[in-house]
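Colleague: I have a structure here, written as structure tokens, and I will follow up with some questions on it.
The values are calculated or read from the model by the stated rules, or taken from the named source; none is laboratory data. A quick note: this is a predicted structure, and the numbers were derived from the prediction, not measured. Note that each Cβ is placed from the backbone with ideal geometry, even for glycine, and that neighbours are counted across all protein chains shown.
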Amino acid sequence: MLGVSLDQYGFLVQGAFWTVVLSLMGFVGGTIVGLPVALARISRGWFLCRASSAYVQFVQGIPLPVIMFVVYFGVSIYGFDVNALVAAAIAMTLYSSAYLGEIWKGCIQAVPKTQWEAGECLALTNLQRFIYIILPQALRIAVPPTVGFLVQIVKNTSYSVVIGFFDLTYSAKILNNATFKPFIIFTAAALIYFAICFPLSRYARRFELRLHRRNA
Amino acid sequence: MTVISMNTVHTPVAPQDGAQPMVSFRDVHKSFGALEVLKGIDLDVMPGQVAALIGRSGSGKSTALRCINGLEKINDGELTVCGRNLRARDFELRELRKEVGIVFQSYNLFPHLTVEQNVTLAPRKVNGLDAAESRALAAEVLEQVGLSDKASSYPEQLSGGQQQRVAIARSLAMRPKLMLFDEVTSALDPELTGEVLRVIGKLAAGGMTMVLVTHEMAFARQVADLVVYMHQGRVWEAGKGTMLDDPQTVELRQFVGSGL
């Protein structure tokens, strides 16, 4: 097909599989680290608040490929031999946790203060108010921006090409070296990325509209 | 001014000798930064009494009300509520909150919970009621506010008046000794005001101790044992509802005359 064999397209799909794997790892890792970051950002404790804010600013101030390099080469200096997948997953976790933490902090703060107050006046404890009143409302608010950020994660996994991780971008690069058909190959890669991301952004948009209608 | 017809007539409760006031302000001061909002309030509300705080915006009446359940901390003076000194070292805010219910102008219902869940959340989590007990409790308090058929509705499906009645039921479910109402009808259309005031009037007739901040002068006159006119952070004039017919001060005369 267009001078590229089916086997070669299959090679791209293999790369796409690892793109999805790395995205999921980045998202799960980002959630595990990002949720405590979000909670620390809204905490009244001076240290927690400052430390988490510093973490977010630090990570957001470094380009993702540089984070990839630091994790991949930096860790091996200390004698740990990390493979590209582990390094890329750690880097994606750092990156997405900083952004998700900030996104979720905003979602928690978007729940009106009067909701905390109403819970307080019913003698509920801080933790009870957070779990039963604030969190369920914040989760609803969080779905569209979180799914939207998932699209960013998927696209940004392509930076793992700098440390030689075999993902969709990397497989396209190899395939191009073998076939010298850059336009066809990279267009095919672009379409696959689009096929992964488009349903996500559509879903985020639909959910957002539904939320607005509910609140209207 | 909304004139409402009451199904029940409230008999004013005279303070009994020796009874402790449910709420007692003694020279209470409260400032927000440089702005002094309460400039020495003295006020007693006895068990079973209904006190209505009236006055212009900025007179300090809402602040005084919010001090009663500790939403605002007083800066000076003494405030005792349900026998608890709010400035005592061993004062437990949560214990006070179990005994004092408050209803806000903006209802503040939990939008993600049904009416029944709104009502039973605190009784279950704070007082440890089980599913059957809380269900029975919800049925009881929703009947009190006339919303038995709305238990499984969500707040957004209700009118403003209905939402406010749910908020009242939610407070009642904690079996408070004292109820506070902070301009609970100010956000409502006149036609919805009546249904909320009727519920409050019924509670008053049932002997509930209440402090309410209100702009409904006819209602205050009808239901309150004690009408308190606040002006510039002070209790300017206080007395029975009839005091509104014969104000002693120029300020109250102007306030009553302004048709509020």
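Colleague: Step by step: first the residues of segment B:134-188, then only those that are free of Cβ contacts under 8 Å to residues at least 60 places away in the same chain and charged (D, E, K, R), then the one that is surrounded by the most Cβ atoms within 10 Å (Cβ to Cβ). Which residue is that?
Modeller: B:Arg165
Colleague: Same structure again: Does segment B:200-220 contain at least one residue that is under 17 Å from B:Gln49 (Cα atoms), modelled with pLDDT under 90 and of a type in the set (Lys, Arg)?
Modeller: no
Colleague: Taking B:Ser152 and the conditions (1) among the polar types (S, T, N, Q); (2) part of a loop (DSSP other than H, G, I, E, B); (3) within 13 Å of chain A (Cβ to nearest Cβ), which numbered condition does it fall short on, given that it satisfies the others?
Modeller: (3)
Colleague: Report the residue count in segment A:57-105 for those that are farther than 17 Å from A:Leu24 by Cα, of a type in the set (Val, Ile, Thr) and either part of a helix (DSSP H, G or I) or touching a strand residue (DSSP E or B) at 6+ places or on another chain (Cβ under 6 Å) (or both).
Modeller: Total meeting the criteria: 8.
Colleague: Among the numbered criteria (1) within 14 Å of another protein chain (Cβ to nearest Cβ); (2) modelled with pLDDT of 90 or more; (3) within 21 Å of the chain's Cα centre (by Cα), which one does A:Trp116 miss?
Modeller: (3)
Colleague: Does segment A:107-134 hold any residues that are under 24 Å from B:Lys177 (Cβ atoms) and of a type in the set (Gly, Ala, Ser), and which are they?
Modeller: A:Ala118, A:Gly119, A:Ala123
Colleague: Can A:Phe207 be described as closer than 19 Å to A:Phe11 by Cα and surrounded by fewer than 20 Cβ atoms within 10 Å (Cβ to Cβ)? Lay out the reasoning, then the answer.
Modeller: Details: closer than 19 Å to A:Phe11 by Cα: no; surrounded by fewer than 20 Cβ atoms within 10 Å (Cβ to Cβ): yes.
Considered against the rule, which asks whether it is closer than 19 Å to A:Phe11 by Cα and surrounded by fewer than 20 Cβ atoms within 10 Å (Cβ to Cβ), A:Phe207 comes out as no.
Colleague: Can you tell me how many residues within segment B:170-196 are in a helix (DSSP H, G or I), within 14 Å of chain A (Cβ to nearest Cβ) and in contact with a helix residue (DSSP H, G or I) (Cβ under 7 Å, 6 or more places away or on another chain)? Steps first, answer last, please.
Modeller: The first filter runs over segment B:170-196 and keeps only residues in a helix (DSSP H, G or I), leaving B:170-172, B:190-196.
Filter once more, so that each one left must be within 14 Å of chain A (Cβ to nearest Cβ): B:170-172.
Right, trim to in contact with a helix residue (DSSP H, G or I) (Cβ under 7 Å, 6 or more places away or on another chain) and you get B:170, B:172.
Result for segment B:170-196: 2.
Colleague: If you check B:Val119, B:Val199, which single one turns out to be surrounded by 19 or more Cβ atoms within 10 Å (Cβ to Cβ), within 12 Å of chain A (Cβ to nearest Cβ) and either in contact (Cβ under 8 Å) with a residue 24 or more places away in the chain or outside any helix (DSSP H, G or I) (or both)? It would help to see each step written out before you state the result.
Modeller: Working: B:Val199 fails: within 12 Å of chain A (Cβ to nearest Cβ).
Being surrounded by 19 or more Cβ atoms within 10 Å (Cβ to Cβ), within 12 Å of chain A (Cβ to nearest Cβ) and either in contact (Cβ under 8 Å) with a residue 24 or more places away in the chain or outside any helix (DSSP H, G or I) (or both) holds for just one of B:Val119, B:Val199, which is B:Val119.
Colleague: Tell me yes or no: at least one residue of segment A:123-136 is more than 14 Å from every other protein chain (Cβ to nearest Cβ) and buried (at least 21 other Cβ atoms within 10 Å of the Cβ). Break it down into steps so the answer makes sense when it comes.
Modeller: In the first step, residues of segment A:123-136 are kept if they are more than 14 Å from every other protein chain (Cβ to nearest Cβ); the result is none.
Taking every residue of segment A:123-136 in turn, none turns out to be more than 14 Å from every other protein chain (Cβ to nearest Cβ) and buried (at least 21 other Cβ atoms within 10 Å of the Cβ).
Colleague: Another question, if that's okay. Mind checking which residues of segment A:1-23 are farther than 23 Å from A:Tyr55 by Cβ and hydrophobic (A, V, I, L, M, F, W, C)? First the steps, then the outcome.
Modeller: The initial filter retains those residues of segment A:1-23 that are farther than 23 Å from A:Tyr55 by Cβ, namely A:1-21.
Scanning segment A:1-23 gives A:Met1, A:Leu2, A:Val4, A:Leu6, A:Phe11, A:Leu12, A:Val13, A:Ala16, A:Phe17, A:Trp18, A:Val20, A:Val21.
Colleague: How many residues does segment A:38-57 contain that are among the aromatic types (Phe, Trp, Tyr) and over 17 Å from the mean Cα position of the chain (by Cα)?
Modeller: So in segment A:38-57, the residues among the aromatic types (Phe, Trp, Tyr) come out as A:46-47, A:55.
Subsequent filtering for residues that are over 17 Å from the mean Cα position of the chain (by Cα) retains A:46-47.
Number satisfying all stated conditions: 2.
Colleague: Quickly run through segment B:122-145 and pick out the residues that are more than 13 Å from chain A (Cβ to nearest Cβ), more than 13 Å from B:Arg170 (Cα to Cα) and under 24 Å from the mean Cα position of the chain (by Cα).
Modeller: Answer for segment B:122-145, where residues must be more than 13 Å from chain A (Cβ to nearest Cβ), more than 13 Å from B:Arg170 (Cα to Cα) and under 24 Å from the mean Cα position of the chain (by Cα): there is none.
Colleague: Show me the strands (runs of 3 or more DSSP E) entirely contained within segment B:1-91 in which 3 or more residues are modelled with pLDDT under 95, in contact with an Asp or Glu (Cβ under 6 Å, 6 or more places away or on another chain) and within 14 Å of chain A (Cβ to nearest Cβ). Full working, then the answer.
Modeller: On the way: elements: B:23-32, B:35-45, B:50-54, B:76-81.
In segment B:1-91, there are no strands (runs of 3 or more DSSP E) which contain 3 or more residues that are modelled with pLDDT under 95, in contact with an Asp or Glu (Cβ under 6 Å, 6 or more places away or on another chain) and within 14 Å of chain A (Cβ to nearest Cβ).
Colleague: Okay, next question. When you scan segment B:181-192, do you find a residue that is modelled with pLDDT of 90 or more and more than 27 Å from B:Leu35 (Cβ to Cβ), even just one?
Modeller: no
Colleague: Let me ask you something else. Is it the case that segment B:222-235 has a residue that's more than 13 Å from the chain's Cα centre (by Cα), surrounded by fewer than 24 Cβ atoms within 10 Å (Cβ to Cβ), at pLDDT below 90 and among the acidic types (Asp, Glu)?
Modeller: So far as segment B:222-235 goes, no, none of its residues is more than 13 Å from the chain's Cα centre (by Cα), surrounded by fewer than 24 Cβ atoms within 10 Å (Cβ to Cβ), at pLDDT below 90 and among the acidic types (Asp, Glu).
Colleague: Which of the residues that make up segment B:163-183 are of a type outside the set (Lys, Arg) and out of contact with any Ser or Thr (no Cβ under 8 Å at 6 or more places or on another chain)?
Modeller: Of segment B:163-183, the ones of a type outside the set (Lys, Arg) are B:163-164, B:166-169, B:171-174, B:176, B:178-183.
B:Gln163, B:Val166, B:Ala167, B:Ile168, B:Ala169, B:Ser171, B:Leu172, B:Met174, B:Pro176, B:Leu180, listed by residue number.
Colleague: Out of A:Val151, A:Val143, I need the residue that is touching a residue at least 40 places away in the same chain (Cβ under 8 Å), surrounded by fewer than 20 Cβ atoms within 10 Å (Cβ to Cβ), within 23 Å of A:Leu200 (Cα to Cα) and within 14 Å of chain B (Cβ to nearest Cβ). Which one? So that I can check it myself, show each step before the final result.
Modeller: Details: A:Val151 fails: within 14 Å of chain B (Cβ to nearest Cβ).
So the residue among A:Val151, A:Val143 that is touching a residue at least 40 places away in the same chain (Cβ under 8 Å), surrounded by fewer than 20 Cβ atoms within 10 Å (Cβ to Cβ), within 23 Å of A:Leu200 (Cα to Cα) and within 14 Å of chain B (Cβ to nearest Cβ) is A:Val143.
Colleague: Ok, one more. Taking B:Gln162 and the conditions (1) in a helix (DSSP H, G or I); (2) within 12 Å of another protein chain (Cβ to nearest Cβ); (3) not small (Gly, Ala, Ser), which numbered condition does it fall short on, given that it satisfies the others?
Modeller: Looking at each condition in turn, B:Gln162 falls short on (2).
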